[in-house]
1. Would you tell me the mean number of C-beta atoms belonging to other protein chains that fall within 10 Å of each C-beta in A:171-182, as a whole number?
2. With θ taken as phi - 60° and the coefficients 6.51, -1.76 and 1.60, list the Karplus ³J(HN,Hα) couplings across the stretch A:70-86 in order, rounded to whole Hz; mark glycine and proline as x.
3. For the protein assembly as shown, what percent of Cα pairs sit more than 36 Å apart?
4. Calculate how large, on average over all directions, the projected area of the Cα convex hull of the stretch B:1-129 is; give the answer in nm² to one decimal.
5. Extending each Cα 7 Å along its Cβ direction at A:Asp189 and B:Cys10, get the distance between those two points in nm, one decimal.
6. Indicate, rounded to the nearest 5 percent, the antiparallel portion of the DSSP beta bridges found entirely in the protein assembly as shown.
7. Under the definition of partner shielding as Cβ atoms of other protein chains within 10 Å of a residue Cβ, what is the mean value for peptide B:24-33?
8. How big, in percent, is the set of alpha carbon pairs in the stretch B:61-119 lying more than 14 Å apart?
Amino acid sequence: MQTRVTVGLAQIDCLLGEVDANLECHLEWIAKARERGVEWLLFPELSLTGYRLLHLTSRMAMRPASSPVIQKLIEAAGEMSVVVGLVEEDEQGVLYNSAVVLDAGGIRHVHRKLYLPTYGIFQEGRFFGAGDQIDLVPVNGRHLGVLICEDLWHPELGRRLARAGAKVLAVISASPGRLGGESKSEGQDIWETITRSTALLNTCWLLYCNRVGWEEGSFYTGCSHIIRPGGQIMARAPFLEEDLLVATIDLREVDRLRWRLPLVRADRSDIEGPA
Amino acid sequence: MSTRQYVRDCLRLDPALAVTTLESFIRDAIQTAGAKGVAVGLSGGVDSALAAALATRALGADAVHALSLPYRTSNPDSAKDAASVAASLGLELRTIDISPMVDAYFERFENEADRVRMGNKMSRERMGILFDQAKKHGCLVLGTSNKTEILLGYSTIFGDNASSLNPLGDLYKQQVWQLSRHLGIPDEVVAKSPSADLWPGQTDEKELGLEYATADDVLFLMFDWGLSPDEVLELGYAAEAVEKITQFEKKNRFKRRLMLIARLSDSAINLDREIPRD
């Protein structure tokens, strides 16, 4: 198993409903990432389709195993592990907001978003079915867990993945921003509170890849970032601008911290009381 | 801290971040539409001044077509202030007097019309010209309505409330003032009493019977936070103001949901089929 991994977060803008154009964009960014030695590359949530699809959702449906778009991405990825976001359709015609992990010439893992925000500006529950499982990604010794945006607001998921062996949580997101009185957007502040807490409480690396750009008058913040197992921000991409954030992370840092701070080892599911 | 003070704090923006974000909004909307710039009417007031300033920062002065569209009874200070805004932004200002078009209609066909009807006609005449100028230059019409007036419905439907993109639509009036000061909009424009200038002596606060500061707070509490009018009263706001704001907001909702379509199928536009515009 490789202990040092160079990760890349592709903080891109996506064109709403334009899969072909978004595919071209992905191919360009995969090439850019290769030049910089990236081994794991993340794209944002629904990166191939755009986020606010509403009634365009069904027109974007893909079956990854037989999709020519996915085939092109697999070929372009080569030895790189690449996570993309898309509208996945299952055999029953149910649509999911999915993250697909491409690796070593094939589809290695599909994560279907578990928590679909349907409040405020969000309408996912109207168009998507919710996933019903989580698992580790069989890449580099099963130390990677993938979640999508709202999933991270439910802390039991990160904890379950960490208990099962995750040393890295990759979170892909399309998070709309808001402004207030602070010099960074409220969205960024809230997300960093959650990502830093999740990383620290599970003593694992956390990669948060958010998109940028505007859809229907609403902007996506960007500010993708990488959190160390101790909760510190290692690197952060800019606000509202496209960027490829690259860093090398060391999985041994997780082990070393867990010797000193054995939170995951100490976790107990046998405590009695209110469920 | 009192709730009223907390509301004020919630309404305060980081001006630099807000300006950066709104510039990005304008650039993106223009690019998405494949347009060359914006057409904007400068009234001499603070809203249009801020919208024009943001567009100029986002696109450059050459891409901003600024128009002054006075009627013969307009306050001469309005045109003067529009000119000073344009000059401060390095914009060329074209003046088109709308009196002949507006007067032609009322003199020939409707000489009994009251001042509200005349004011509405002026507002729509201006917007008609802005859309034509936008077409001429391959541009979009830049909206200048703020959140306070949109929520109160203090606007002419398909007149000043029409536009292709509006960077100010989620800013309460106090926030418009805050950003305008930050961007160095001339003091006389920021400090003067807001007016639609549709008839002599008209001011927003006189016509509404409300101060903007109160309107902003109460709208924020009811619209953003979802408080009931009774809960707002408990915070010490004047009963008369809360009642007025509630009535305005309710009465004018139709102005912010354009196109009321009779639904006959299960695929009515917007109600059943929400197709994003981007």
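Where a number appears in this text, it was derived from the coordinates with a stated rule and is not lab data. All of these numbers come straight from a predicted model, not from anything done at the bench. All Cβ positions, glycine included, derive from the backbone under ideal geometry; neighbour counts span all protein chains shown.
1. Details: counts 0, 0, 0, 0, 0, 0, 2, 2, 11, 8, 9, 4.
The per-residue average across the peptide is 3.
2. 5, 4, 4, 5, 4, 5, 5, 5, x, 7, 7, 8, 10, 10, 10, x, 7
3. 44 percent
4. Convex hull of Cα atoms, orientation-averaged projection: 11.1 nm².
5. My value for the distance between the label points is 1.4 nm.
6. DSSP beta bridges in the protein assembly as shown are roughly 55 percent antiparallel.
7. Values: counts 7, 5, 1, 1, 8, 2, 0, 1, 5, 0.
Across the residues of B:24-33, the mean count of other-chain Cβ atoms within 10 Å is 3.
8. On the way: 1056 of 1711 pairs.
So the pairs more than 14 Å apart make up 62 percent of the total in the stretch B:61-119.
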